[in-house]
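The values are calculated or read from the model by the stated rules, or taken from the named source; none is laboratory data. Just so you know, these numbers come straight off a predicted model, no measurement behind them. Ideal geometry is used to build each Cβ from the backbone, glycine not excepted, and the neighbour counts take in all protein chains shown.
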């Protein structure tokens, strides 16, 4: 069931975390003002001294973050082979330092509450109270949610609560992801899930509106062509569309990877409707080839899909990315020049990621409210 073997987040520059042979590694593009194709640094062992510390065999990872005046905050969740979840934070951009791993989901001896998937979403910004959210999928099929109201997760966690998605007989959730989206001065947490009904894959969505009340667990549209698939991987990312007429509309982008990695499907949820699931490949992104993993991130400039090729056990894998702008145009899949991959520069790789002007907040829907005020977390 576990397929989240790497995570991607764009702060001032891109960051990638990957799981290989039970360990967690991190690489990122060096932040140099006005140099969008600077070199990459890594792969560094996150647990190594003076890193986050040893927590056992790591099987999955997710990350999200934000940046402020040159200070990057990369929140990272690691899932271990015994089903426990740990949180760490990398603070800083080029010379960031990892905080010690903190266990936030514990499995007692003989317990049946092992986590099999984990997802994280984080938002902060001017006049916006920090908001860190974590969802855990258990082997029992239950989904639990927790949150922390501090930028560095040093405040007490609010506490785990089961997501009331209304379990249906024969329905088993296989994959989850979360994203925070701005709406009328508030933030909603969107939960996307792939569930199976005996042999049929189905897509579901619900939202924690104003980070307070869950909406109903509703089935999305457009997956009829995948009715025969049993296990899929879902990823979602929200961004605020500021470039189209009537902007300031938040779109939730959902991407699904088929079990064999041969298909990617993309859909957009607008305030009142879902678009049909379609292939980015047919829309112009090009063919990435069979992939081992997939994740998404978004910012003020659109949606980014990152895919991972090659065996999870190899010391060096190839990562490729494509980007979708607000008008629905896709860049071609191109290789990310991470350490160990021979690509001359981002420009020669096709400029899959455009770098905005320095000093502009480009990521994670950070938007000023009309007046500052505390977030309500219950």
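Structure above, values below:
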| quantity | calculated |
| --- | --- |
| Check on residue 116, farther than 27 Å from residue 38 by Cβ, in contact with a strand residue (DSSP E or B) (Cβ under 6 Å, 6 or more places away or on another chain) and in a strand (DSSP E or B) | yes |
| Contacts under 7 angstrom Cβ, first residue in segment 208-227 being under 19 Å from residue 258 (Cβ atoms), partner modelled with pLDDT under 55 and surrounded by fewer than 17 Cβ atoms within 10 Å (Cβ to Cβ), 6 or more apart | none |
| Hits in segment 316-340 (condition: assigned to a strand (DSSP E or B) and more than 16 Å from residue 43 (Cα to Cα)) | 320, 321, 322, 323, 324, 330, 334, 335 |
| Residue 289, sole failed condition from (1) in a loop (DSSP other than H, G, I, E, B); (2) at pLDDT 75 or above | (2) |
| Tally, over segment 138-149, of residues that are touching a residue at least 60 places away in the same chain (Cβ under 8 Å) and either crowded, with 21+ Cβ neighbours inside 10 Å or in a strand (DSSP E or B) (or both) | 2 |
| Failed item in (1) at negative phi; (2) modelled with pLDDT under 85; (3) buried (at least 19 other Cβ atoms within 10 Å of the Cβ), with residue 260 passing the rest | (3) |
| Residues located in segment 47-89, provided they are assigned to a loop (DSSP other than H, G, I, E, B) and buried (at least 24 other Cβ atoms within 10 Å of the Cβ) | 52 |
